[in-house]
Amino acid sequence: MASQSHPHLNGDSNTHIPKKPKLSSLSSSFITEAEIQSEFSHHDSTIARINNGSFGCCPSSISSSQQHLQLQFLSQPDHFYFSHLKPGILRSRTLLQSLINAQHLDEISIVDNATTAAAIVLQNIAWSFAEGKFNQGDVAIMLHYAYGAVKKSIEAYLTRAGGHVIEVHLPFPVNSNEEIVFEFRKALEKGKENGRKVRLAVIDHITSMPSVVIPVKELVRICREEGVDQVFVDATHGIGCTDVDMQDIGADFYTSNLHKWFFCPPSIAFLYCRKSSQCLDLHHPVVTHEYGNGLAVESAWIGARDYSAQLVVPRVFEFVDRFEGGIEGIKKRNHENAVKMGQMLAKAWGTNLGCPPEMCASMIMVGLPACLGISNDSDTLKLRTHLREKFGVEVPIYYRAPKDGEVDMVTGYARISYQVYNKVDDYHKFRDAINELVGDGFTCTLLRG
């Protein structure tokens, strides 16, 4: 997997990728293109949906299995609760343990979203401040491009408890992992000034906007060398999009949504907590009678609600194994196609990619023509709406503010995704829409007012 066509998707050059079981069936039994399109025929056919990164996708067969589970619960809730719920969630956790190469089953908890996982970890950090284990002014490091909800969680839990937050300001466009490592080391040095302790590092595996694969393994190693207490990897886009191996990455906490790139229905995520004394005091923020029985058990019952997304995981494993190479094959092909489509668009518009191909996974940033006049975040939202409503293209757009002295620079970048249901025509539709806007002399000023 170390070839140019399939770079190391965790951002490191010496990644260990655990071997996954191979299909025992003949290649003739692999899912066909027609079957793939049938699985996603519920998608709006009038929209070029090149934004899998935001909400993911769920095949029709998985939705049907989920609905069957929901009806099972509704038909006899007591029997379902006492006989099926806990064994079903245990089965899902066991499969996930193998998928991410976790050493112990009790390191895996299933929650409803990566945002919930972040709250669990940060709640524990806040208690450490409140109970005097940490000193006021002790530091947490996070990337400047951390997801907005995680930033707010850090503000809600850590800052209010007395922690000091230092952001790692990463360049964009970015040209190499070395640029990221350099800025990360600078932030760590700042955090340790005046004898302060760095209690937590929050590191994205794949940043959301702009989207870049971060060299998490190397950053975790640096944290260990520099005495950072705990490392939390927010991999909202991890499973199904990049390589995920807990023993190789070595973080204390790692979370990934399963409804983004692993075909689960929304919403479901896992939280990995490396086995240690610290993990014994992790608790779900929704407290039920299971409090104190361990995070995995607490998370498996947070009151009467729909647990079907957690229970349908085994069917999702069966679905991905219908593809040649299973999830590894899906990741490889999605990455190659994302790069190919990104390069096609950049060439058509005379722009550039936001990072080298080896620093992206199944999403890539593509510069939009500077003549569109994107000059603030509001412009990106209005242009996105315009593309959706007039051209039937769904794609998020990032505003990159020009630096001092920069003239006629690309200030808008589209984040394109590639998932198994996408076709080349989706990206041609986007290309042609932008070309039409440019040809008509369109600028974002026309959308203001």
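The values are calculated or read from the model by the stated rules, or taken from the named source; none is laboratory data. Just so we're clear, the structure is a prediction, and the values are computed from it rather than from any experiment. Cβ sites come from the backbone with ideal geometry, for glycine too, and all protein chains shown count toward neighbours. Surface areas here come from the heavy atoms of the whole protein model, side chains and all, with no ligands, DNA or RNA. Shrake-Rupley method; radii C 1.70, N 1.55, O 1.52, S 1.80 Å.
Being open to solvent by 10 Å² or more (accessible area, probe 1.4 Å) and in contact with a strand residue (DSSP E or B) (Cβ under 7 Å, 6 or more places away or on another chain) is the requirement here; does residue 241 meet it? Answer is no for this residue. Looking only at residues in the range 375-410 that are modelled with pLDDT of 95 or more and β-branched (Val, Ile, Thr), which one is farthest from residue 33 (Cα to Cα)? Per the criteria, the residue is 380.
Could you count how many residues in the range 95-115 are within 19 Å of the chain's Cα centre (by Cα), outside any helix (DSSP H, G or I) and surrounded by fewer than 21 Cβ atoms within 10 Å (Cβ to Cβ)? Before you say what the answer is, go through the steps one by one.
Initially, the range 95-115 is screened for residues within 19 Å of the chain's Cα centre (by Cα), giving 96-97, 99-102, 108-115.
Filter once more, so that each one left must be outside any helix (DSSP H, G or I): 101-102, 108-113.
Next cut, surrounded by fewer than 21 Cβ atoms within 10 Å (Cβ to Cβ) only: 101, 113.
Final tally of qualifying residues: 2.
Can you tell me which residue is farthest from residue 124 (Cα to Cα) among those in the range 297-325 that are assigned to a helix (DSSP H, G or I) and open to solvent by 50 Å² or more (accessible area, probe 1.4 Å)? Explain how you work it out, then say what you get.
Residues of the range 297-325 assigned to a helix (DSSP H, G or I): 297-300, 308-311, 313-320.
Then keep just the ones that are open to solvent by 50 Å² or more (accessible area, probe 1.4 Å); that gives 297, 315, 318.
Values: 297: 17, 315: 33, 318: 36 Å.
Only one residue fits best here, namely 318.
The set of residues in the range 158-211 being among the charged types (D, E, K, R) and either under 30 Å from residue 414 (Cα atoms) or surrounded by 14 or more Cβ atoms within 10 Å (Cβ to Cβ) (or both) consists of 167, 178, 179, 183, 185, 186, 190, 192, 196, 197, 199, 204.
Going through the range 375-391 one residue at a time, which ones are open to solvent by 10 Å² or more (accessible area, probe 1.4 Å) and more than 21 Å from residue 148 (Cα to Cα)? Listed by number, the residues that qualify are 386, 388, 389, 390, 391.
Considering only the range 277-296, state which residues are assigned to a helix (DSSP H, G or I) and surrounded by 18 or more Cβ atoms within 10 Å (Cβ to Cβ). It would help to see each step written out before you state the result.
Filtering the range 277-296 for residues assigned to a helix (DSSP H, G or I) gives 277-281, 295-296.
Once the filter is applied, which keeps residues that are assigned to a helix (DSSP H, G or I) and surrounded by 18 or more Cβ atoms within 10 Å (Cβ to Cβ), the range 277-296 yields 279, 295, 296.
Here residue 259 does not fit the description of being farther than 23 Å from residue 63 by Cα and either crowded, with 18+ Cβ neighbours inside 10 Å or touching a His at 6+ places or on another chain (Cβ under 9 Å) (or both).
One residue stands out among those in the range 180-230 that are part of a helix (DSSP H, G or I) and among the β-branched types (Val, Ile, Thr): the one that is farthest from the chain's Cα centre (by Cα), which is 222. Against the conditions (1) in a loop (DSSP other than H, G, I, E, B); (2) in contact (Cβ under 8 Å) with a residue 60 or more places away in the chain; (3) open to solvent by 30 Å² or more (accessible area, probe 1.4 Å), residue 45 satisfies every one except (2).
Among the residues of the range 350-371, just one is buried (at least 19 other Cβ atoms within 10 Å of the Cβ) and either at pLDDT below 95 or assigned to a helix (DSSP H, G or I) (or both), namely 359. Only a single criterion out of (1) free of Cβ contacts under 8 Å to residues at least 60 places away in the same chain; (2) surrounded by fewer than 24 Cβ atoms within 10 Å (Cβ to Cβ); (3) within 25 Å of residue 49 (Cβ to Cβ) is not satisfied by residue 328, namely (1).
Rundown of residues vs (1) within 20 Å of residue 217 (Cβ to Cβ); (2) assigned to a strand (DSSP E or B); (3) of a type in the set (S, T, N, Q); (4) in contact (Cβ under 8 Å) with a residue 24 or more places away in the chain, yes/no style:
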| residue | (1), (2), (3), (4) |
| --- | --- |
| 236 | yes, no, yes, yes |
| 247 | yes, no, yes, yes |
| 259 | no, no, no, yes |
| 266 | no, no, no, yes |
| 272 | yes, yes, no, yes |
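On inspection, residue 408 passes the criterion of being open to solvent by 60 Å² or more (accessible area, probe 1.4 Å), in a loop (DSSP other than H, G, I, E, B) and farther than 19 Å from residue 55 by Cβ. Only residues that are closer than 17 Å to residue 232 by Cα and free of Cβ contacts under 8 Å to residues at least 12 places away in the same chain were counted across the range 164-215, and they come to 0.
Right, residue 339: part of a helix (DSSP H, G or I), among the β-branched types (Val, Ile, Thr), without any contact (Cβ under 8 Å) to a residue 40 or more places away in the chain and open to solvent by 10 Å² or more (accessible area, probe 1.4 Å) or not? Steps first, answer last, please.
Details: part of a helix (DSSP H, G or I): yes; among the β-branched types (Val, Ile, Thr): yes; without any contact (Cβ under 8 Å) to a residue 40 or more places away in the chain: yes; open to solvent by 10 Å² or more (accessible area, probe 1.4 Å): yes.
In short, yes.
Reported count of residues in the range 394-431, each being under 22 Å from the mean Cα position of the chain (by Cα) and among the aliphatic types (A, V, I, L, M), is 5.
Is it the case that residue 92 is touching a Ser or Thr at 6+ places or on another chain (Cβ under 7 Å), open to solvent by less than 50 Å² (accessible area, probe 1.4 Å) and either assigned to a helix (DSSP H, G or I) or farther than 30 Å from residue 398 by Cα (or both)? I'd like the intermediate steps shown before the answer.
Working: touching a Ser or Thr at 6+ places or on another chain (Cβ under 7 Å): no; open to solvent by less than 50 Å² (accessible area, probe 1.4 Å): yes; either assigned to a helix (DSSP H, G or I) or farther than 30 Å from residue 398 by Cα (or both): yes.
Criteria not met by residue 92.
A count restricted to the range 40-86 and to residues that are within 25 Å of the chain's Cα centre (by Cα) and basic (Lys, Arg) stands at 1.
For the range 48-70, what are the residues that are open to solvent by less than 30 Å² (accessible area, probe 1.4 Å), over 21 Å from residue 308 (Cβ atoms), out of contact with any Gly (no Cβ under 8 Å at 6 or more places or on another chain) and not in a helix (DSSP H, G or I)? Those that are open to solvent by less than 30 Å² (accessible area, probe 1.4 Å), over 21 Å from residue 308 (Cβ atoms), out of contact with any Gly (no Cβ under 8 Å at 6 or more places or on another chain) and not in a helix (DSSP H, G or I): 50, 51.
Looking at 151, 133, 86, just one residue is surrounded by fewer than 21 Cβ atoms within 10 Å (Cβ to Cβ), of a type in the set (Lys, Arg), closer than 23 Å to residue 266 by Cβ and without any contact (Cβ under 8 Å) to a residue 60 or more places away in the chain, and that residue is 151.
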